[in-house]
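Structure record follows, encoded as structure tokens.
Here, each number is a calculation from the coordinates, and none is a lab measurement. As the structure is a computational prediction, the values presented were derived from the model and not from experiment. Cβ atoms come from the backbone with ideal geometry, glycine included; neighbour counts cover every protein chain shown.
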Amino acid sequence: MSHSFSHVDRDALLQGLAASAEDFCSRFPLEDFRKGDYKQYPVVTLLTCSDSRMPANIFGPIFNRIFSVENIGNQFRSSEGSVLYGLLHLHTPVMIVAGHTDCGAIKGAISNFVDEPLSIRNELSLVKDSLDTARTLYGLKETDEPDLIFTRLAEVNVDMQINYLLANPAVSRLVEDKELLLLGAMVDLHNHYQEGFGRTFTINVNGERDTGIIGSHAQLGRLAQKTKRLTR
């Protein structure tokens, strides 16, 4: 799972971090923050992979808007308390589970990770369990396109997280009462969907995986126009 990286100038890096912190301060939306009595009012709970290519701002401005939960392989069970806090205490009306192409956690989970530290093994075991269950549930088979298998697995991994969310009675009730919309998304970092690098596709809505049905979902607006998946 590890890979080599180029040398980093630590001094330059630290200077850059300091400059970014100063920029955040200079752009701090104090007036809006004051109007909200300095409390948080996010509108989206986002569960995404902690991969550095998957920043939360893929879905727009972050500050006081996105309650972001990140872990390897975007696993609900790895961060269940954090996700439920966003849904049951902060009452965000939208929950997004976002996977991506070339996910290292997916690759790691289907490899032999026995020599990894216990904490990494624990998290990869959850990813592996999600994938094993998805393979059986959705009849996922090996394809003639081996480069795409990880993307297919990432898709059904997103599906499984939606399933786990819906298995929670409190979350399921919010969905049934139309107080919560669960969205599954795939971010194409490698043009595997042949529509350009960086495209985001809606692949699951409240457990529905059929792209035809998702595409006709009036509530989704423009998100319904970008629905595509490799697995059925």
Quiz prompt | Pair list, Cβ under 7 Å, 6 or more apart: segment 201-213 residue charged (D, E, K, R), other residue surrounded by fewer than 19 Cβ atoms within 10 Å (Cβ to Cβ) | solution = none
Exercise. Return yes when Ala154 is surrounded by fewer than 17 Cβ atoms within 10 Å (Cβ to Cβ), under 29 Å from Asn57 (Cα atoms), free of Cβ contacts under 8 Å to residues at least 60 places away in the same chain and of a type in the set (A, V, I, L, M) and no when it is not.
Key: no
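So that you can scan it fast, the table gives a plain yes or no per residue for (1) charged (D, E, K, R); (2) assigned to a loop (DSSP other than H, G, I, E, B):
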site: Leu13; (1), (2): no, no
site: Asp23; (1), (2): yes, no
site: Tyr41; (1), (2): no, yes
site: Thr45; (1), (2): no, no
site: Asn57; (1), (2): no, no
site: Phe67; (1), (2): no, no
site: Leu87; (1), (2): no, no
site: Ile96; (1), (2): no, no
Exercise. Look through Asp147, Asp210, Asp177 and report the one residue that is within 19 Å of Leu88 (Cα to Cα), among the charged types (D, E, K, R) and surrounded by fewer than 16 Cβ atoms within 10 Å (Cβ to Cβ).
Key: Asp177
Exercise. State whether one or more residues within segment 10-31 are under 14 Å from the mean Cα position of the chain (by Cα) and loosely packed, with under 10 Cβ neighbours inside 10 Å.
Key: no
Quiz item: Given the conditions (1) in a helix (DSSP H, G or I); (2) of a type outside the set (S, T, N, Q); (3) touching a strand residue (DSSP E or B) at 6+ places or on another chain (Cβ under 9 Å), which single one is not true for Arg173?
Solution: (3)
Quiz item: In segment 179-208, how many are of a type in the set (Asp, Glu), part of a strand (DSSP E or B) and more than 14 Å from the chain's Cα centre (by Cα)?
Solution: 1
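Residue by residue, here is whether (1) over 23 Å from Tyr193 (Cβ atoms); (2) within 16 Å of the chain's Cα centre (by Cα); (3) without any contact (Cβ under 8 Å) to a residue 60 or more places away in the chain; (4) buried (at least 16 other Cβ atoms within 10 Å of the Cβ) holds:
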| site | (1), (2), (3), (4) |
| --- | --- |
| Val114 | yes, no, yes, no |
| Pro117 | yes, no, yes, no |
| Arg121 | yes, no, yes, no |
| Leu131 | no, yes, yes, yes |
| Lys141 | no, no, yes, no |
Practice problem: Go through the residues of segment 134-145 one by one and say whether even a single one is touching a strand residue (DSSP E or B) at 6+ places or on another chain (Cβ under 8 Å) and either part of a strand (DSSP E or B) or more than 25 Å from Phe59 (Cα to Cα) (or both). | Solution: no
Quiz item: For residues in segment 209-228 being among the polar types (S, T, N, Q) and assigned to a loop (DSSP other than H, G, I, E, B), which is farthest from the chain's Cα centre (by Cα)?
Solution: Ser216
Exercise. Among residues belonging to segment 98-112 that are in a loop (DSSP other than H, G, I, E, B) and not β-branched (Val, Ile, Thr), point out the one that is surrounded by the fewest Cβ atoms within 10 Å (Cβ to Cβ).
Key: Asn112
